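Q: Take this structure, written in structure tokens, and hold onto it; I'll ask about it next.
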Amino acid sequence: TPDNLLKMALIYVRIQAGVPVVIMGETGCGKTSLLKYLACKAGVYFTAVNMHAGVTLSHIVNSVEEAEKLAQDADLKVWLFWDEINTSKYCSGVLNDIVVRSKLFGKNIDERVVSVAACNPYRKRNFSRDESAGFHHSKSNSKMSELVYHVLPLSESMLEFVWDFGR
């Protein structure tokens, strides 16, 4: 669609310019598929890291090291896609440095490895609609329970690179 072509063009231009890419959109709206297709057409290797609350720091470090090894051994450009980046408690520190600064613990990541991230939106839950499906949500006092997605805040430096992918 014309919308997808525009999104791919904007993503590609940002990557070529060295500007961090952080896409915010609903689950299932096509962020990963669009990036896979774009990477294929751009002739780069695409690998996705699915983030969740159980992801450990060693998993993050291993993902970067594997991408760097692949880039060096095969002399490839690698797009390392961090999916649902705001579901991991490590987002504010290590992942911020990886995506925004292209550094891992202060060391530059191989320039052939480009990190692209996606995050879920901060959207409040509509309790009356959710409860009508037969399941009843226990109303907690937690601010997180009011959100559709269990997401954590992104760092200030990452927020300036977030753009809305849409629904």
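Q: Which pairs in the list 7/36; 69/89; 31/69; 31/89; 7/41 are over 24 Å apart, alpha-carbon to alpha-carbon?
A: Pairs exceeding the cut-off: 69/89; 31/69.
Q: Could you name the aspartates and glutamates whose alpha carbon sits less than 18 Å from that of residue 107, not counting residues in the same chain fewer than 8 places away?
A: 65, 66, 68, 97
Q: Could you tell me the accessible area of residue 101 in Å² (1.4 Å probe, neighbours in place), rounded to the nearest ten?
A: 110 Å²
Q: Using amide H atoms built 1.01 Å from N in the peptide plane, name the residues 5+ places from residue 116, or on other chains, whose amide H lies under 5 Å from its own.
A: Residues meeting the criterion, in which the H sits 1.01 Å from N, are 80, 81, 82.
Q: With +1 on each Lys and Arg Cβ and -1 on each Asp and Glu Cβ, and nothing else charged, work out how big the dipole of the stretch 7-115 is about its Cα centre, in Debye to the nearest 20.
A: 300 debye
Q: Also, quick follow-up: Each residue of the stretch 65-73 in order: what ³J(HN,Hα) in whole Hz does its phi give by Karplus 6.51 cos²θ - 1.76 cosθ + 1.60, θ = phi - 60°, with x for Gly and Pro?
A: With coefficients 6.51, -1.76 and 1.60, one gets 4, 5, 5, 5, 4, 4, 4, 6, 5 Hz.
The values are calculated or read from the model by the stated rules, or taken from the named source; none is laboratory data. Since we're looking at a predicted model, the values are computed, not measured. So basically every Cβ, Gly included, is an ideal-geometry build from the backbone, and we count neighbours across all protein chains shown. Ligands, DNA and RNA are excluded from the accessible area calculation, which covers all protein heavy atoms including side chains. Shrake-Rupley method; radii C 1.70, N 1.55, O 1.52, S 1.80 Å.
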